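The values are calculated or read from the model by the stated rules, or taken from the named source; none is laboratory data. Given the structure is predicted, the values throughout are model-derived calculations rather than measurements. In this analysis, Cβ positions are derived from the backbone assuming ideal geometry, glycine residues included, and neighbour counts consider all displayed protein chains.
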């Protein structure tokens, strides 16, 4: 009898957890490490272009543009007649919007906990340029966040690390409700239903003790 009760309680807990996950306002995805199943390599080489859709997990990425995706690429820019050498430039481009600084309109390197609402948004921005790369606002080899505004006015973020003129993506998330603020690096919290069922299970266990 006791094993049946515990099994039912566990099943109830699992069901509540699944419902809470589906109804969570923030959807969060973690990119498996390179070489692991399902890893999505967002990094690029010269002239290469790749999309990252923050509404999809890593294993379902197809590098296809949508209102929820950003295109990353880098190129050589020439200025004919200027006498200047070609400039290597890293760029992120829409259809989604990105948070930029208000002076030079470059991609903004956000830290964990930074607010995404109230930022300046554009459909394209530079994140590195020049040779050597001394002008990038993103420090090389350090984690930062790209602020993203996807279709329907929903906010999200991508956790990245810059190497040269390319970003590697570690995780990403978005708020499902349009216009609701989200912080850089913010992830879903446990659902109230899960906590309630867990508490009930603990109380039932205590009552059965001799």
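Side notes on the structure shown:
- Yes/no for residue 36 being modelled with pLDDT of 95 or more and in a loop (DSSP other than H, G, I, E, B): yes
- Residue within region 139-149 that is crowded, with 16+ Cβ neighbours inside 10 Å and more than 18 Å from the chain's Cα centre (by Cα) present: no
- Filtered residues of region 169-191 (kept if part of a loop (DSSP other than H, G, I, E, B) and closer than 26 Å to residue 73 by Cα): 184, 185
- If the condition is being out of contact with any strand residue (DSSP E or B) (no Cβ under 8 Å at 6 or more places or on another chain) and free of Cβ contacts under 8 Å to residues at least 24 places away in the same chain, then region 115-167 contributes 118, 132, 134.
- Those residues of region 87-114 which are in contact (Cβ under 8 Å) with a residue 24 or more places away in the chain and over 17 Å from residue 184 (Cβ atoms), in sequence order: 87, 88, 89, 90, 91, 93, 94, 95
- Only one of 197, 160 that is within 20 Å of residue 57 (Cα to Cα) and either buried (at least 18 other Cβ atoms within 10 Å of the Cβ) or modelled with pLDDT under 95 (or both): 160
- Odd one out for residue 77, checked against (1) within 21 Å of residue 172 (Cα to Cα); (2) touching a strand residue (DSSP E or B) at 6+ places or on another chain (Cβ under 9 Å): (1)
- Residue check, residue 128 at pLDDT below 90, more than 16 Å from the chain's Cα centre (by Cα) and surrounded by 15 or more Cβ atoms within 10 Å (Cβ to Cβ): yes
- For residue 94, the criteria (1) at pLDDT below 85; (2) in a strand (DSSP E or B) hold in every case but one, which is (1).
- Only one of 87, 98 that is within 16 Å of the chain's Cα centre (by Cα) and assigned by TED's automatic domain parsing to the domain that holds residue 33: 98
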